[in-house]
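No lab work stands behind these numbers, since they all come straight from the coordinates. Please read these numbers as outputs of a predicted model, since none were measured by experiment. Note that each Cβ is placed from the backbone with ideal geometry, even for glycine, and that neighbours are counted across all protein chains shown.
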Ligand SMILES: Cc1cc2nc3c(=O)[nH]c(=O)nc-3n(C[C@H](O)[C@H](O)[C@H](O)COP(=O)(O)OP(=O)(O)OC[C@H]3O[C@@H](n4cnc5c(N)ncnc54)[C@H](O)[C@@H]3O)c2cc1C
């Protein structure tokens, strides 16, 4: 008989024994290592809580709870590669897509065989996402897509994208949008990296010229994509709100937008000989408390996703500011040949992006004001005005 205890043992075995074996034995590149880990996770039955067994899932809420408890701080940073696929695209496909799309994408997506990116933002549509103008038109058995996307994280590693495109310019702004699955590896999709101030090119701009999508690869209904877009953003905010507690706090990784773990800041204060200073200890206590608050928010499903995201951003900035003061007086205008300081420099520069990706802090506050507190909506044109008639950027 399978018991909760057996399941807990399986989880512990996977995290404590199997995980280090896989990460150490897969000597090839970071992507292969990430995919090997994710495939093993799936094969152990630990990769798809809340999904039907037909897709390799486990719908037992108690098992999910045990996984959450045991995996705390033990998920390797390599799993960031699947943040968009597993954390955002798969739940929306599970909840809204046709059987054809689910059968095609859920299993390989959850197992990490296929990597996903999110093609929402455009040069004229970031915070005002519903202002997007990338167009999709039906041509026989295919959709033909033309337009431009920007800030697309991880597009260079992705085989598929969740794409938002306008399918009806005569409908009101929020009503003529459709969500699609776009195959990235085709001639109509031109991916160009954007280099950030960290020196990395994490995201891209993408020029789409008559790219093709099979007719059935729509998520939800045609022209009903805004509902799916909002559902996916909620998953994104939950995920980013939780992400500071998901990494292994001993790993120093220059990837992802997560606050520097307080454990590493305590080590840094020791290294710099400043751990005895009262002000430094006070600041560290605040940072450790902030990390604990993220953990409490993570455990309470009823908290609005924007609260977790805002708190995570605040923690990320405070942690980076502390590291900057410990490392050097001249902040980012500094170059180091010491690997450990190079790590802190990366996060000091990178943390600013936390308040943008997944919607800016101001947009989170607007969302909380309007949807959680019931304040009046922001003024704007009548919501039934056809998109074609609206003023554009
Ligand atoms: C690290 C990172 C990763 C990203 N990854 C992706 C990705 O994978 N896929 C994707 O599609 N996009 C991605 N984005 C894009 C991100 O979603 C947008 O940057 C974000 O939505 C803001 O849009 P914008 O940059 O066009 O800024 P704008 O919308 O032009 O905003 C500029 C400023 O005006 C403020 N503002 C705008 N409207 C309002 C308002 N109504 N009320 C109050 N203030 C307002 C904003 O808060 C901001 O401070 C990423 C961004 C970053 C930084």
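Helix-derived [θ] at 222 nm for the chain: sum -39500 (n - 2.57) over DSSP H runs of at least 4, divide by residue count, nearest 500?
Dividing the helical sum by the residues of the chain leaves -12500 deg cm²/dmol.
Between residue 272 and residue 307, what is the label-point separation in nm under the 7 Å Cα-to-beta-carbon projection?
Going from the residue 307 label point to the residue 272 one covers 3.3 nm.
What full-extension length gain, to one decimal in nm, is calculated for residue 210 and residue 383 as 0.36 nm per residue of separation minus the Cα-Cα distance?
The residue 210-residue 383 span can extend by a further 59.3 nm.
Using only the alpha carbons, work out the radius of gyration and Dmax of region 116-225 in angstrom.
13.4, 45
Helix 339-350 against the longest principal axis of the chain: what's the angle in degrees, Cα atoms only, rounded to the nearest 10?
40
Which of 262, 32, 355 moves most in a GNM of the chain, Cα contacts under 10 Å?
Looking only at 262, 32, 355, the largest GNM fluctuation is found for 32.
Taking the chain as a Gaussian network, Cα atoms linked when under 10 Å apart, which of 144, 17, 189 shows the biggest mean-square fluctuation?
17
Compute the helix-to-body angle for 99-110: its Cα long axis versus the longest principal axis of the chain, expressed 0 to 90° and rounded to tens.
Here the helix axis deviates by roughly 20 degrees.
Can you tell me how region 1-75 classifies by the Cα gyration tensor, rounded, prolate or oblate, using a/c under 1.5 as the rounded cut?
Prolate shape, in that a/c is at least 1.5 and a/b is the bigger ratio.
Helix 262-271 versus the longest principal axis of the chain: what angle, 0 to 90°, nearest 10, using Cα atoms?
Computed tilt is about 40 degrees.
Across the chain, what fraction of all alpha-carbon pairs, as a whole percent, falls in each successive 20 Å bin from zero upward?
25, 57, 17, 0
What residue among 197, 90, 228 shows peak mean-square fluctuation when the chain is described by a Gaussian network model with Cα springs under 10 Å?
Among 197, 90, 228, the largest mean-square fluctuation in the Gaussian network model of the chain belongs to 197.
Once label points are set 7 Å from the Cα along Cα→Cβ at both residue 279 and residue 13, what is their separation, rounded to one decimal in nm?
Placing both labels 7 Å along Cα→Cβ, they lie 5.3 nm apart.
May I ask you to list the residues of region 193-222 whose amide nitrogen lies under 16 Å from a point 7 Å from Cα along the Cα→beta-carbon direction of residue 100?
Within reach of a label on residue 100: 212-222.
Suppose R0 equals 41 Å; then what is the FRET efficiency for residue 138 and residue 361 from their Cβ-Cβ distance, rounded to the nearest 0.05?
0.60
For the chain, what does the relative contact order come out to in percent, with C-alpha contacts under 8 Å and a separation of six or more?
Across the chain, relative contact order equals 14 percent.
Multiplying the sequence separation of residue 368 and residue 293 by 0.36 nm and subtracting their Cα-Cα distance, what value in nm do you get?
25.1 nm is the gain from fully extending residue 368 to residue 293.
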